[in-house]
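Following: one structure in structure tokens, then a few remarks.
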Amino acid sequence: MGLPCRARGAVRHVHRAAAGAVLPARPSPCVLGRSAEQLARLPPVGYVYLGEVPYGKALEMQRQLCRRRIDEIYNQPDGDRDSRALADVLVLLQHPPVYTNGRRNRGKLPSEDVARLRGLGSEYVETNRGGEITFHGPGQLVVYPTLYLKDHFLGAKCYVQGLENTIVETCARIG
């Protein structure tokens, strides 16, 4: 499977936020609002839906995509984002039943619990992400963003906080 690449047209683009739009914010030292000038300079974010992809294959694809993006961004002499072959992208997919266990619990789940999860027909994978055990399965949309946050005028903490706020507000609106 090839990686999403703007030059090959494999990525469709999502419309930019309207000028003056501000991410929802909760009280914190993180400033999520952006100036009109910054909003006008936001890069397009593409997306690709891959259907059902096994967790290990999706993880390897993300690693390759991130490595290519990092190499491209940091090896450009002028840093011109318009000359990049790879766009910011949201990879949307579903996984076959899988339980992933983050760094906090790595190696701590008793083998009988792992066997029980596998006995349910699920894969079990210990990962490098934070957090504890999480289930992913068919019918659950998983979104893996690959964004160069500097182009979006965000740090990691503000980005995560913006995602959290957006999800909470979306759930509140749709019930």
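Could you name every one of the strands (runs of 3 or more DSSP E) located completely within the stretch 108-155 that has at least 2 residues being more than 18 Å from Leu90 (Cβ to Cβ) and touching a helix residue (DSSP H, G or I) at 6+ places or on another chain (Cβ under 7 Å)? Steps first, please.
On the way: elements: 123-126, 133-136, 142-146.
It comes to 123-126.
Can you tell me which residues in the stretch 39-65 are part of a helix (DSSP H, G or I) and modelled with pLDDT of 85 or more?
Filtering the stretch 39-65 down to residues part of a helix (DSSP H, G or I) leaves 39-40, 55-65.
Of everything in the stretch 39-65, those that are part of a helix (DSSP H, G or I) and modelled with pLDDT of 85 or more turn out to be Tyr55, Gly56, Lys57, Ala58, Leu59, Glu60, Met61, Gln62, Arg63, Gln64, Leu65.
Between a first residue in the stretch 69-80 that is part of a helix (DSSP H, G or I) and a second residue that is of a type in the set (Ser, Thr, Tyr) and at pLDDT 80 or above, which pairs have beta carbons less than 7 Å apart while being 6 or more apart in sequence or on different chains?
These pairs meet every condition: Arg69/Thr146; Arg69/Tyr148; Ile73/Tyr148.
Within the group Ser122, Ser111, which residue is among the polar types (S, T, N, Q), out of contact with any Asp or Glu (no Cβ under 8 Å at 6 or more places or on another chain) and exposed (fewer than 12 other Cβ atoms within 10 Å of the Cβ)? Quick ask: steps written out before the conclusion?
Numbers: Ser122 fails: exposed (fewer than 12 other Cβ atoms within 10 Å of the Cβ).
The match here is Ser111.
What's the number of the only condition in (1) free of Cβ contacts under 8 Å to residues at least 60 places away in the same chain; (2) open to solvent by less than 30 Å² (accessible area, probe 1.4 Å) that Thr146 fails to meet?
(1)
Output the qualifying pairs, or none if there are none: Cβ atoms under 7 angstrom, residues six or more apart or on different chains, first residue in the stretch 151-175 and hydrophobic (A, V, I, L, M, F, W, C), second residue at pLDDT below 90.
Pairs found: Phe153/Arg34; Phe153/Gln38; Ala156/Leu149; Cys158/Cys30; Cys158/Leu32.
Test Leu23 against the criterion of being at pLDDT below 85, open to solvent by less than 80 Å² (accessible area, probe 1.4 Å) and over 22 Å from Glu123 (Cα atoms), and give yes or no.
Numbers: at pLDDT below 85: yes; open to solvent by less than 80 Å² (accessible area, probe 1.4 Å): yes; over 22 Å from Glu123 (Cα atoms): yes.
Yes, satisfied.
The values are calculated or read from the model by the stated rules, or taken from the named source; none is laboratory data. The structure displayed is predicted, hence computed values, not measured ones. No Cβ is skipped: glycine too gets one built from the backbone with ideal geometry, and neighbour counts run over all protein chains shown. Note: areas computed on protein heavy atoms with side chains; ligands, DNA, RNA excluded. Shrake-Rupley method; radii C 1.70, N 1.55, O 1.52, S 1.80 Å.
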